[in-house]
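The values are calculated or read from the model by the stated rules, or taken from the named source; none is laboratory data. Every value quoted in this text rests on a predicted model; they were computed, and no experiment measured them. Positions of Cβ are generated from backbone atoms using ideal geometry, with glycine treated the same way; all protein chains shown enter the neighbour counts. For accessibility, only protein heavy atoms count, side chains too; no ligands or nucleic acids. Shrake-Rupley method; radii C 1.70, N 1.55, O 1.52, S 1.80 Å.
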Amino acid sequence: MSLARTMPTMLRHAGEWEGIYRHVSRDFVLIDQHRTWTRCAFPGRDDEAYVQTNRLTWEDGRVVERRFAGAYRDGLLHWDTDRFVGTGWETREGAVMLRLDRRDEPGVHFIETILLADDGNTRARTWQWFEKGVPIRRTLCDEWRTA
């Protein structure tokens, strides 16, 4: 099976996105907020089927840039980076789902849902964070396509 066959909606995320990430506590207190620029690319190789580049920018001027790649096998995207390890898949309804276990935060993982608007130009991402199996926070991402 190919990525195009098992994750056709995921391929529609190719391009550049800008947005706002809001991290909130369990009781919805804002913990952090920053702007983001993201590039999603699909080089077409199973060992590097998906490449994401992020630039995170905070109001105080801090900027963090990251790049990570995912391999495609067994109908799933697989990530194994210095910060996290996990898998991604697509539901029959076209939602992209990720389960990422944090290496930089032992005992912490999150489940991410990515929903692309019908027109393909906006998307909503929600991360449900857990520590040792207990929900601890949420990340709400609103993004729009720029290229």
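Details
- Over the chain: helical MRE at 222 nm, DSSP H runs n ≥ 4 each giving -39500 (n - 2.57), nearest 500: -1000 deg cm²/dmol
- Heavy-atom accessible surface of the chain: percent carbon and sulfur, 1.4 Å: 51 percent
- DSSP loop trypsin sites (Lys or Arg not before Pro) with at most 16 other Cβ within 10 Å: longest gap in the chain: 27-61
- Rolled with a 1.4 Å probe across the full set of protein chains, the surface gives residue 3 an accessible area near 20 Å².
- Residue 28 exposes around 140 Å² of accessible area when a 1.4 Å probe is run over every protein chain in place.
- Percentage relative contact order, the chain, counting C-alpha pairs under 8 Å, at least six apart: 22 percent
- Rg in Å to one decimal, and Dmax rounded to a whole Å, for segment 85-137 via C-alpha atoms: 12.6, 38
- Kirkwood hydrodynamic radius computed over the chain comes to 15.8 Å, based on all pairs of distinct alpha carbons.
- The residues of the chain expose on average 55 square angstrom of accessible surface per residue, using a 1.4 Å probe on protein heavy atoms.
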